[in-house]
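For reference, the structure discussed in these notes is given below.
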Amino acid sequence: MSDSNVKTLKVVVLISGSGSNLQALIDGVAAGELPIEIAAVISNRPDVMGLTRAATAGIPTAVLDHKSFASREAFDQELMRTIDAYTPGLVVLAGFMRILTPEFTQHYLGRMLNIHPSLLPKFQGLHTHQRALDAGEQEHGVTVHFVTAELDGGPAAIQAVVPVLANDDANLLAKRVQRQEHVIYPLAVKWFALGDLVMTDEGKAVLKGETLPACGYQIKANEP
Ligand code: GAR
């Protein structure tokens, strides 16, 4: 950052796969646009591309394979210990495909963000692009939200809306949505790092002092 008064926020990123959203954050840091330090990247799956991306950027990595834990609770407890060793101010779920225990979500309440590939509250869960097509939606998109105990249910910070086009299949639509993911996730993380984005005790997302609507701050993609 050019402004030396801006404090760098320590962030831990959790992944399960390709890590393209992680890459967008890495690129934002490298470009001097994000006042964060990615202290660690933790994956619940070994050998995923996201771990390679982190290692290439010189970021410490850890693998916590959920299959080697007896229960969801035991995995989440160990994950909390692993995360907290880095004392992050923010935990970023970037394609982390795990259902989280209430203890875990409570522990990071107000300081954990997730990205979900739909215009929440529509299409919580999996296969969002196909479901949007099947439902005949004319618009689809992606949401960054604070994580609460409710799956894909916490207050939205930002949404990007993309059009659904006549010749779309799930793959084409996913690509269009993912381009927006890589725009809005760094933006939301930047807002949080600057103290502009917070979650209130009442569970509302607030941006620069203004309570956001249920959809969060909404942008329309300016490319088809
Ligand atoms: C992203 O499309 C993200 O929206 C989705 O997983 C993908 C991860 O891609 N997340 C979810 O579906 C969470 N419910 P990436 O590993 O390339 O960032």
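The values are calculated or read from the model by the stated rules, or taken from the named source; none is laboratory data. Keep in mind that this is a model prediction, so the values were computed, not measured. Methodologically, a virtual Cβ is constructed for each residue, glycine included, from the backbone with ideal geometry; neighbour enumeration extends over all protein chains shown. With ligands, DNA and RNA removed, areas are computed over all heavy atoms of the protein, side chains included. Shrake-Rupley method; radii C 1.70, N 1.55, O 1.52, S 1.80 Å.
If the condition is being of a type in the set (V, I, T), within 14 Å of A174 (Cα to Cα) and touching a helix residue (DSSP H, G or I) at 6+ places or on another chain (Cβ under 7 Å), then region 134-164 contributes V142, V162, V164. Where strands (runs of 3 or more DSSP E) fall wholly inside region 150-224, the ranges with 2 or more residues that are of a type outside the set (S, T, N, Q) and closer than 26 Å to A30 by Cβ are 156-163, 217-220. Would you be able to say whether some residue in region 47-59 is among the basic types (K, R), within 15 Å of the ligand (Cβ to nearest atom) and not in a helix (DSSP H, G or I)? The answer is no; no qualifying residue exists.
Those helices (runs of 4 or more DSSP H) of region 61-145 in which at least 1 residues are within 14 Å of the ligand (Cβ to nearest atom), open to solvent by less than 70 Å² (accessible area, probe 1.4 Å) and without any contact (Cβ under 8 Å) to a residue 40 or more places away in the chain, considering only elements entirely within it, cover 128-134.
Looking across region 173-190 at every residue that is aliphatic (A, V, I, L, M) and within 14 Å of the ligand (Cβ to nearest atom), the one that is farthest from G32 (Cα to Cα) is identified as L173.
Might you let me know whether region 193-213 holds any residue that is at pLDDT 95 or above, within 16 Å of the ligand (Cβ to nearest atom) and not hydroxyl-bearing (S, T, Y)? No; the residues of region 193-213 include none that is at pLDDT 95 or above, within 16 Å of the ligand (Cβ to nearest atom) and not hydroxyl-bearing (S, T, Y). Can you tell which of G19, G28 is within 11 Å of the ligand (Cβ to nearest atom), closer than 26 Å to R176 by Cβ and not hydroxyl-bearing (S, T, Y)? So the residue among G19, G28 that is within 11 Å of the ligand (Cβ to nearest atom), closer than 26 Å to R176 by Cβ and not hydroxyl-bearing (S, T, Y) is G19. For the condition open to solvent by 20 Å² or more (accessible area, probe 1.4 Å), within 16 Å of V189 (Cβ to Cβ) and of a type in the set (D, E), D27 qualifies. Applying the set (1) open to solvent by 20 Å² or more (accessible area, probe 1.4 Å); (2) under 27 Å from R131 (Cβ atoms) to L194 leaves exactly one unmet item: (2).
Taking the criterion of being under 9 Å from G17 (Cα atoms) and crowded, with 20+ Cβ neighbours inside 10 Å, the residues of region 45-59 that qualify are G50, L51. Would you mind stating whether G32 is in contact (Cβ under 8 Å) with a residue 24 or more places away in the chain and surrounded by fewer than 13 Cβ atoms within 10 Å (Cβ to Cβ)? Spelling it out, G32 is indeed in contact (Cβ under 8 Å) with a residue 24 or more places away in the chain and surrounded by fewer than 13 Cβ atoms within 10 Å (Cβ to Cβ).
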